[in-house]
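Data block below; observations after.
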Amino acid sequence: MTRRKFSSLTTAVPMFGASEKPIRVAMIGTAHGHALSKVKALRSMAEYDFAGVHRPDTSEPAVQDVREITLAEILNDTSIELVAIESGDFAHNLTLAQQCVSANKFVHLDKPPGADLAAFRSLLAEAASRKRIVQMGYQWRYQPAMHAAIDAARKGWLGSIYRFRASIDKLVPPHERQEIAKFPGGMMFSEGCHLVDRAVDLLGKPTTITGIIRCDSSNADRLADNNLVILQYERAIAEISLAGFSAHGNRYRYLEILGSNGQARVQPYAPFRLSVDLDRPAGPYKSGEQTMELPSPPGLTYTPDFREMAAVIRNGAKPSYSAEHDLVTHETLLRACGMMAA
């Protein structure tokens with residue numbers, strides 16, 4: 001398979017017209033693990049005019065050469081159309097998102113969106129009533145190899161899908177463990193949400209959800225750091241696992257989709273490497289095993305997310321992920337983590 005064919009399989013993010021007026025954007029919070037990379041992405045893009053950052057907690061990291069502004073300035077300034085919410089407090093992020101939507105802003109909300117499903121549903125409903133979009137910051141929605149694997153499954157090239165497997169092991173430093181340990185779902189809540197999002201994207205709402213949420217390290221923080229979630233569907237099973245004490249976990253992360261005609265496997269997550277092994281040729285893939293690396297999307301990490309958001313705001317483009325998808329993803333996550341009633 002050629003790089004050109006690979007590019008045709010990746011997400012087609014709507015482009016922003018060169019003559020369009022830049023979108024003024026602000027950020028609330030800098031303690032989220034994705035925050036500083038998103039500042040870089042937004043400041044690098046012609047689509048945006050970065051207005052500044054508000055730190056709800058002054059202990060959050062300062063951002064060099066970026067103007068600090070107050071929450072009131074963000075909410076009251078009608079020229080600010082988009083707000084990226086990136087504090088380290090997931091519950092507070094949901095409250096901040098509600099304030100921004102009530103102020104008629106578009107919102108990019110980093111994961112996970114708090115632990116209150118009813119409040120998240122209310123946020124999305126108000127956004128819809130105001131013709132605004134809340135874009136969730138799940139990390140691999142625009143990952144080229146994952147997109148190609150899911151695309152192969154959707155188009156029937158892998159045959160009848162019976163299994164989805166994925167892992168996101170990592171070594172969690174002590175200060176990060178303490179923050180994540182505040183939530184019963186631990187690492188599955190904080191990190192596994194990315195892969196729950198991918199499973200729901202492919203398979204939809206599960207019929208049965210089983211979460212094995214354990215603390216298996218000797219740390220006093222009692223972080224749930226060794227977790228397995230099993231999602232059951234009518235004719236398929238999804239398995240998502242992660243552990244917080246894997247020294248080289250990033251090397252061995254994988255996402256795998258298995259079907260009656262073969263399988264697609266993404267490993268590692270970066271660089272973007274995809275292996276496909278088919279019984280019969282299908283789509284652009286030959287029979288047998290083939291391994292390919294996909295080109296990176298243009299720009300920085302998170303550029304595709306914000307490029308799509310720019311097209312939504314300026315051109316009325318349809319988001320790749322619906323509010324219904326986001327609600328199913330979050331409900332599935334909360335149930336898997338034992339953070340809401342069965």
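The values are calculated or read from the model by the stated rules, or taken from the named source; none is laboratory data. From a predicted model like this one, the values you see are computed outputs, not experimental measurements. No Cβ is skipped: glycine too gets one built from the backbone with ideal geometry, and neighbour counts run over all protein chains shown.
Odds and ends about this structure:
- Filtering segment 293-320 to residues that are surrounded by fewer than 18 Cβ atoms within 10 Å (Cβ to Cβ) and closer than 23 Å to MET188 by Cα leaves only THR301.
- Residue in segment 278-291 that is within 24 Å of the chain's Cα centre (by Cα) and not polar (S, T, N, Q) present: no
- Residue count for segment 261-285, restricted to those that are out of contact with any strand residue (DSSP E or B) (no Cβ under 7 Å at 6 or more places or on another chain) and over 24 Å from GLU191 (Cβ atoms): 5
- Looking across segment 259-288 at every residue that is of a type in the set (A, V, I, L, M) and surrounded by 20 or more Cβ atoms within 10 Å (Cβ to Cβ), the one that is farthest from ARG163 (Cα to Cα) is identified as LEU274.
- From ARG314, ARG335, residue being under 23 Å from ALA224 (Cβ atoms) and outside the structural domain of HIS194 (by TED's automatic domain parsing): ARG335
- Residue tally, condition at pLDDT 95 or above and in a helix (DSSP H, G or I), over segment 69-91: 6
- Options LEU202, LEU223: the member that is part of a loop (DSSP other than H, G, I, E, B) and farther than 19 Å from PRO113 by Cβ: LEU223
- The residues of segment 130-159 that are buried (at least 23 other Cβ atoms within 10 Å of the Cβ) and over 16 Å from the mean Cα position of the chain (by Cα), listed by number, are ALA148, ALA149, ALA152, LEU158.
- Yes/no for ASP201 being in contact with a Phe, Trp or Tyr (Cβ under 7 Å, 6 or more places away or on another chain) and at pLDDT 95 or above: no
- From the list LYS182, LYS111, the lone residue that is out of contact with any strand residue (DSSP E or B) (no Cβ under 9 Å at 6 or more places or on another chain) and part of a loop (DSSP other than H, G, I, E, B) is LYS182.
- Residue satisfying all of: in segment 205-220; of a type in the set (Gly, Ala, Ser) and not in a strand (DSSP E or B); nearest to LYS155 (Cα to Cα) among these: SER217
- Of note, TYR162 satisfies the criterion of being surrounded by fewer than 23 Cβ atoms within 10 Å (Cβ to Cβ), in a strand (DSSP E or B) and not charged (D, E, K, R).
- Residue match in segment 305-319 (condition: touching a residue at least 24 places away in the same chain (Cβ under 8 Å) and under 30 Å from THR207 (Cβ atoms)): yes
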